[in-house]
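Working notes, beginning with the structure itself.
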Amino acid sequence: MNKTTVSEEERLFQHQFTLKVQSILSARYDKRPLAFVHTYGCQGNVADSERIKGMLYEMGYDFTDDIGQADFVLYNTCAVREHAEDRVFGNVGALKPYKKDKPSMKIALCGCMMQQQHIRDKMYKSYPFVDLVFGTHAIYKFPQLMFEMLSGGKRVYFAPDDNGLIMEDVPVFRDKDSKAWLPIMYGCNNFCTYCIVPYVRGRERSREPERIINEAKELISQGYKDITLLGQNVNSYGKNTDFNIDFADLIKEINSLEGDFIIRFMTSHPKDCTKKLLDTMASCDKVAKHIHLPFQSGNDRILKQMNRHYTREKYLELINYAKKVMPDISITSDVIVGFPGETTEEFNDTLSLIKEVEFTSLFTFIYSKREGTPASLMDDPISKEEKSRRFKELCDLQEQIAAKRTAKMNGKTYRVLCEGISRNDSSLLSGRTDGNVIIEFKGDNSLIGKYVNVKVTQPLNWIVRGEFINVLNG
Ligand code: SAH
Ligand code: SF4
Ligand code: F3S
């Protein structure tokens, strides 16, 4: 057993608490009580919530989407930007009247925000109606914490200040039935100067390859068609281990599994993205020809200040290589506007990089100061207004590029995994091309979960609309 993994002894110890919680709940409720679980943040958090829900289900809870009906409310929080934290504070505050109406309701908070001492202090002082708070490194102790919360009269706060452990053999309650998240590693070693993630997620821990491959096999046999391998920096998978396998080798292994499915992964860090990985993507038929490769800034001085360990030139070289070996590749990215001290010229370098690469889509963020990070101590003379102006200029540019790209899709037919009803228009279905472009079309609900051919008829800015042609095998 990998020493970064929760021991078998601890797992069995936690199982005893699962049994104890089961008996408390069956004595307290005449039918299965209901839990409301809401997740903020990235897919890593979504995957954690699927495990937390698996544990809750095992303890005896069912789930509800209606807070008013819930006996237990859990928010899995994100700390990446101030806005994310503010939303959590607002939504937790809004739970107070529910608890007043139904004092037996238990409220819990977990995730990245709760791994931070100053946030836990604030919660303890200002939100006395919250019953349980635990950090990302304490998820494996969830049954024990639930038992303490349900059996004692006191608030339970727990966030070990260690590097976190990998939790294996936990039940997973998956949110979707065609698309699955498969964590391959946890934590981050990169310490980009603006980013809180390494402080709240601990150091990199890679799951054992056999565990990942077995989980992939299980997903395929359960009918999952779209598997996304998750990690903050998947390209450093296997580093500092004795696995003898890197990320490219891992996707090759998964690609060789029997079945009709597509492999995606995120996030890739350009500093560790290799030509070997791009060649592997090109040669593996089940790997989506899509890469999410965050560049953050197009200017070398800013990249250095961010501690990203690559240059604009190195980034563009990777992109050009990817386009050479996969001419249809879809490239998406993250970018930060208004990093402390970013000048107009430096921002213009970001714009010119965006023009050069022509991303399919971009996740754009205004820099947000995070307590405890090196960038929070840097001089930041640029006004909020100027940052907003730059942000708008960047979004406008990307919108034009995206519109140009989607226009090129018009009239072409794409293989699409139909994921469900469209969020924009309930009379349409929504799916995703291999390149991760969302496509909406009219069709019967029985198409959900299937691969279908859809012909694009109406390109919009970010997404496209089309008409259903036929169902594909599989
Ligand atoms: N591990 C991934 C990113 C995880 S966080 C990577 O390195 O690529 C997702 C995105 O949030 C980052 O890529 C970055 O663009 C953004 N982000 C992180 N910290 C931020 C901050 N303090 N302010 C604004 N955006 C931030
Ligand atoms: Fe944050 Fe950088 Fe790690 Fe990504 S690689 S999670 S941006 S520190
Ligand atoms: Fe947020 Fe934590 Fe993910 S800070 S972005 S939920 S790793």
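The values are calculated or read from the model by the stated rules, or taken from the named source; none is laboratory data. It should be emphasised that the depicted structure is a prediction, and the values quoted were computed from it without experimental measurement. When we count neighbours, we look across all protein chains shown, and the Cβ atoms used for this are built from the backbone with ideal geometry, even at glycine.
Which one of these is away from ligand 3 (no atom under 16 Å from the Cβ), modelled with pLDDT under 95, surrounded by fewer than 19 Cβ atoms within 10 Å (Cβ to Cβ) and not acidic (Asp, Glu): 158, 129?
From the options 158, 129, the qualifying one is 158.
Here is a list of conditions, (1) surrounded by 21 or more Cβ atoms within 10 Å (Cβ to Cβ); (2) under 30 Å from residue 303 (Cα atoms); (3) more than 16 Å from ligand 1 (Cβ to nearest atom), and residue 240 meets all of them except one; can you say which number that is?
Looking at each condition in turn, residue 240 falls short on (1).
Just for segment 175-188: of the residues that are modelled with pLDDT of 95 or more and farther than 14 Å from residue 5 by Cβ, which one is nearest to ligand 2 (Cβ to nearest atom)?
Looking at residues that are modelled with pLDDT of 95 or more and farther than 14 Å from residue 5 by Cβ, I get 188.
Any residue at all in segment 33-44 that is in a helix (DSSP H, G or I) and either of a type outside the set (S, T, N, Q) or more than 19 Å from residue 165 (Cα to Cα) (or both)? Full working, then the answer.
Taking segment 33-44 as the starting set, the residues that turn out to be in a helix (DSSP H, G or I) are 43-44.
Imposing the further condition that a residue be either of a type outside the set (S, T, N, Q) or more than 19 Å from residue 165 (Cα to Cα) (or both) reduces the set to 44.
Yes; the residues of segment 33-44 include at least one that is in a helix (DSSP H, G or I) and either of a type outside the set (S, T, N, Q) or more than 19 Å from residue 165 (Cα to Cα) (or both).
Looking only at residues that are out of contact with any Asp or Glu (no Cβ under 9 Å at 6 or more places or on another chain) and of a type outside the set (A, V, I, L, M) in segment 133-155, which one is surrounded by the fewest Cβ atoms within 10 Å (Cβ to Cβ)?
153
Looking only at segment 121-152, which residues are among the aromatic types (Phe, Trp, Tyr), within 25 Å of the chain's Cα centre (by Cα) and either more than 24 Å from residue 24 (Cβ to Cβ) or part of a helix (DSSP H, G or I) (or both)? Can you show your working first?
So in segment 121-152, the residues among the aromatic types (Phe, Trp, Tyr) come out as 124, 127, 129, 134, 140, 142, 147.
Okay, now just the ones that are also within 25 Å of the chain's Cα centre (by Cα), so 134, 140, 142.
Correct list: 140, 142.
Yes or no: residue 79 within 16 Å of ligand 2 (Cβ to nearest atom) and assigned to a helix (DSSP H, G or I)? Quick ask: steps written out before the conclusion?
Values: within 16 Å of ligand 2 (Cβ to nearest atom): yes; assigned to a helix (DSSP H, G or I): no.
So residue 79 fails the test.
Residues being touching a strand residue (DSSP E or B) at 6+ places or on another chain (Cβ under 6 Å) and surrounded by 19 or more Cβ atoms within 10 Å (Cβ to Cβ): count how many of those fall in segment 1-33.
We begin by selecting, within segment 1-33, every residue touching a strand residue (DSSP E or B) at 6+ places or on another chain (Cβ under 6 Å); these are 4-5, 32.
Still in the list and also surrounded by 19 or more Cβ atoms within 10 Å (Cβ to Cβ): 4-5.
Matching residues across segment 1-33 total 2.
Mind counting the residues in segment 58-110 that are farther than 18 Å from residue 130 by Cα and away from ligand 1 (no atom under 16 Å from the Cβ)? Quick ask: steps written out before the conclusion?
In the first step, residues of segment 58-110 are kept if they are farther than 18 Å from residue 130 by Cα; the result is 58-66, 79-84.
This time we only want the ones that are away from ligand 1 (no atom under 16 Å from the Cβ), so: 58-66.
So the answer is 9.
Could we say that residue 209 is touching a Phe, Trp or Tyr at 6+ places or on another chain (Cβ under 8 Å), away from ligand 3 (no atom under 16 Å from the Cβ) and not assigned by TED's automatic domain parsing to the domain that holds residue 269 here? If you could, list the steps in order and put the result at the bottom.
Numbers: touching a Phe, Trp or Tyr at 6+ places or on another chain (Cβ under 8 Å): yes; away from ligand 3 (no atom under 16 Å from the Cβ): yes; not assigned by TED's automatic domain parsing to the domain that holds residue 269: no.
No.
Looking at segment 338-387, which of its residues are farther than 30 Å from residue 405 by Cβ and not charged (D, E, K, R)? Full working, then the answer.
So the first thing to find is which residues in segment 338-387 are farther than 30 Å from residue 405 by Cβ, and the list is 340-341, 369-385.
Within segment 338-387, 340, 341, 372, 373, 374, 375, 376, 377, 378, 381, 382, 383 meet the criteria.
For segment 242-288, what are the residues that are within 16 Å of ligand 2 (Cβ to nearest atom) and either assigned by TED's automatic domain parsing to the domain that holds residue 434 or small (Gly, Ala, Ser) (or both)?
268
Do we have any residue at all in segment 319-338 that's in a helix (DSSP H, G or I) and buried (at least 21 other Cβ atoms within 10 Å of the Cβ)?
Residues of segment 319-338 that are in a helix (DSSP H, G or I), as a first pass: 319-325.
Imposing the further condition that a residue be buried (at least 21 other Cβ atoms within 10 Å of the Cβ) reduces the set to 319, 322.
Yes, there is a match, as at least one residue in segment 319-338 is in a helix (DSSP H, G or I) and buried (at least 21 other Cβ atoms within 10 Å of the Cβ).
Quick one: what pairs do we get from segment 198-219, first residue within 17 Å of residue 140 (Cβ to Cβ) and at pLDDT 95 or above, second in a helix (DSSP H, G or I) and of a type in the set (A, V, I, L, M), C-beta under 8 Å, 6+ apart or different chains?
200/113
Which of (1) within 16 Å of ligand 1 (Cβ to nearest atom); (2) crowded, with 19+ Cβ neighbours inside 10 Å; (3) not in a loop (DSSP other than H, G, I, E, B) is the odd one out, the single condition residue 198 does not satisfy?
Residue 198 satisfies every listed condition except (2).
Only one residue in 282, 288 is at negative phi, surrounded by fewer than 23 Cβ atoms within 10 Å (Cβ to Cβ) and either out of contact with any strand residue (DSSP E or B) (no Cβ under 7 Å at 6 or more places or on another chain) or without any contact (Cβ under 8 Å) to a residue 60 or more places away in the chain (or both). Which one? Steps first, please.
Values: 288 fails: either out of contact with any strand residue (DSSP E or B) (no Cβ under 7 Å at 6 or more places or on another chain) or without any contact (Cβ under 8 Å) to a residue 60 or more places away in the chain (or both).
Exactly one of 282, 288 is at negative phi, surrounded by fewer than 23 Cβ atoms within 10 Å (Cβ to Cβ) and either out of contact with any strand residue (DSSP E or B) (no Cβ under 7 Å at 6 or more places or on another chain) or without any contact (Cβ under 8 Å) to a residue 60 or more places away in the chain (or both), namely 282.
Filter segment 91-120 down to the residues that are surrounded by 12 or more Cβ atoms within 10 Å (Cβ to Cβ), of a type in the set (D, E, K, R) and not in a loop (DSSP other than H, G, I, E, B) and list them by number.
96, 99, 106, 120
Search segment 366-380 for residues that are assigned to a helix (DSSP H, G or I) and pair each with any residue that is among the charged types (D, E, K, R) when their beta-carbon atoms are under 8 Å apart and the residues are at least 6 apart or on different chains.
375/369; 376/369; 376/370
Quick check: anything in segment 297-304 within 16 Å of ligand 2 (Cβ to nearest atom), surrounded by fewer than 20 Cβ atoms within 10 Å (Cβ to Cβ), at negative phi and free of Cβ contacts under 8 Å to residues at least 24 places away in the same chain?
yes
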